[in-house]
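Trainee: Please find one structure pasted underneath; my questions will follow.
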């Protein structure tokens, strides 16, 4: 018998590393029982003794050598036809979701689907055309914005607004297309930062799951940049988190997306934005007076007559307003904007537009109006969304808020 010399054995031990393992984990569901967890289902790696049973939640964990990812995974349950599925592209950050159905006649009736967070989101993106309403639409809702300066609220605007959309192509969904102010009321302006405001309502309407996000985490080509992962799920929905892996832009974004299991419709999106501490400003880039601290946008949808429509958009952010001469912080400004729709009209939209006063901008800061006490006293949306206590207290301290509302004009 020939023996390898000890030095050669040591060399081989360095060249041939230990077998690298990976944890294969996921859930098995009963597709015929409203996707209920399936306990005691057998999960086994083909051509090996590796496997196990699901627990009462349908969950399984199997530590396997990475080399076994080249094999398939077999899922079986008493009374159900066994099926094989590929795990070649599995990574440990994935959580498999496997849905199986019993088959008493033919094996073709068995449905086996293994989905990771990326797969769920890709399917939700692919189903947008089917799930979301795509024709002329007029939505009416309650709009509110309030401004805080150095810890005190200094302005409040509220309005009943109608927004006309031409959404025949959901990827060109124009939420800021045409707007009409039905009723308005606003406080006096106690801001001291001297900012000239634009149209925040028009800006807010761009934050929706159609047009704004199609160029970032709802773009299939850019999805991997955000490394989608499951945060949680229940019998009705998935919640998926997306976080940037790297970025050279001024802002860093991360998001959370709610996806309905039955239809793969996107029902809620939360987006958070922060300044990138590693961003390097170019030599000739203008320095803004406004320095972002953080921003959060929340978009929700609701099902109306079988199709999903945006039901609310909310944004809150705060900035440091810098002194141009010293670079010091003059003001800390926090602003919040809310739009909650309570009615969607899909018929005679063109006629309504023709008879209305719809514009591309709203002039909410300067529009002359007559205060309608009867309307506001009976406005149901104020009961659902009352003025926040601190907003009212801070503005009342300057002058009774009701008196401020009654003063028309500027």
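Read-outs: derived from the displayed coordinates by stated rules, not from any lab. Source: prediction; values computed, not measured. Using ideal geometry, Cβ is built from the backbone for each residue, glycine included, and neighbour counts are taken over all protein chains shown.
Trainee: In whole Å and largest first, what semi-axes does the C-alpha gyration tensor of the chain yield when each eigenvalue is scaled by 5 and square-rooted?
Mentor: They are 52, 30, 18 Å, listed from largest to smallest.
Trainee: What is the calculated FRET efficiency for residue 85 to residue 231, with r their C-beta to C-beta distance and R₀ = 22 Å, to the nearest 0.05?
Mentor: Computed FRET efficiency for residue 85 and residue 231 comes out at 0.40.
Trainee: How many nm separate the modelled label positions at residue 381 and residue 126, each set 7 Å beyond the Cα in the direction of the Cβ?
Mentor: It is 3.8 nm.
Trainee: Among 376, 290, 258, which comes first, then next, by fewest other beta-carbon atoms within 10 Å?
Mentor: Neighbour counts put them in this order, fewest first: 290, 376, 258.
Trainee: Taking a ≥ b ≥ c as the square roots of the eigenvalues of the Cα gyration tensor of segment 27-71, is the shape rounded (a/c under 1.5), prolate (a/b larger than b/c) or oblate?
Mentor: Taking the square roots of the gyration eigenvalues as a ≥ b ≥ c, segment 27-71 is prolate.
Trainee: Measure nothing but the geometry: give the 0 to 90° angle between the long axis through the Cα atoms of 117-126 and the longest principal axis through the Cα atoms of the chain, rounded to 10°.
Mentor: That helix lies at roughly 50 degrees to the long axis.
Trainee: Just subtract the alpha-carbon distance of residue 48 and residue 274 from 0.36 nm times their residue separation and send over the number in nm, one decimal.
Mentor: On the way: separation 226, 0.36 × 226 = 81.36 nm, distance 4.76 nm.
Here the segment from residue 48 to residue 274 would lengthen by 76.6 nm.
Trainee: Let me ask another. Report the gain in length on full extension from residue 374 to residue 397: 0.36 nm times residue separation, minus Cα-Cα distance, nm rounded to one decimal.
Mentor: Working: separation 23, 0.36 × 23 = 8.28 nm, distance 2.47 nm.
Taking residue 374 through residue 397 to full extension adds about 5.8 nm, to one decimal.
Trainee: Suppose R0 equals 56 Å. What FRET efficiency, 1/(1 + (r/R0)^6) with r the Cβ-Cβ distance, do residue 150 and residue 245 give to the nearest 0.05? Intermediate values should be presented prior to the final figure.
Mentor: Details: r = 36 Å, r/R0 = 0.65.
With R0 = 56 Å, the Cβ-Cβ based efficiency is 0.95.
Trainee: Still on this structure, I have one more. Once the Cβ-Cβ distance between residue 329 and residue 93 is put in as r, and R0 is 41 Å, what FRET efficiency do you end up with, to the nearest 0.05?
Mentor: After rounding, the FRET efficiency stands at 0.55.
Trainee: In deg cm²/dmol, rounded to 500, what helix-only [θ] at 222 nm does the chain give when every DSSP H run of at least 4 residues adds -39500 (n - 2.57) and the total is split over its residues?
Mentor: -3500 deg cm²/dmol
Trainee: Round to the nearest 10 and give me the degree value, 0 to 90, for the angle of helix 6-15's Cα axis relative to the longest principal axis of the chain.
Mentor: With both axes taken from Cα atoms, the answer is about 40 degrees.
Trainee: Most fluctuating residue of 275, 39, 388 in a GNM of the chain with Cα springs under 10 Å: which is it?
Mentor: Maximum fluctuation in the GNM of the chain, among the listed residues, is at 388.
Trainee: Sticking with this one: Tell me, what is the Rg over Rh of segment 276-393, with Rh the Kirkwood radius over Cα pairs?
Mentor: 1.06
Trainee: When the chain is fully extended, how far beyond the present Cα-Cα distance does residue 296 get from residue 360, taking 0.36 nm per residue of separation?
Mentor: Full extension of this stretch gives 20.6 nm more.
Trainee: Relative contact order for the chain using alpha-carbon pairs under 8 Å, separation at least 6, rounded to a whole percent?
Mentor: 14 percent
Trainee: Apply the a/c threshold of 1.5 to the C-alpha gyration tensor of segment 361-404 and tell me whether it is rounded, prolate or oblate.
Mentor: oblate
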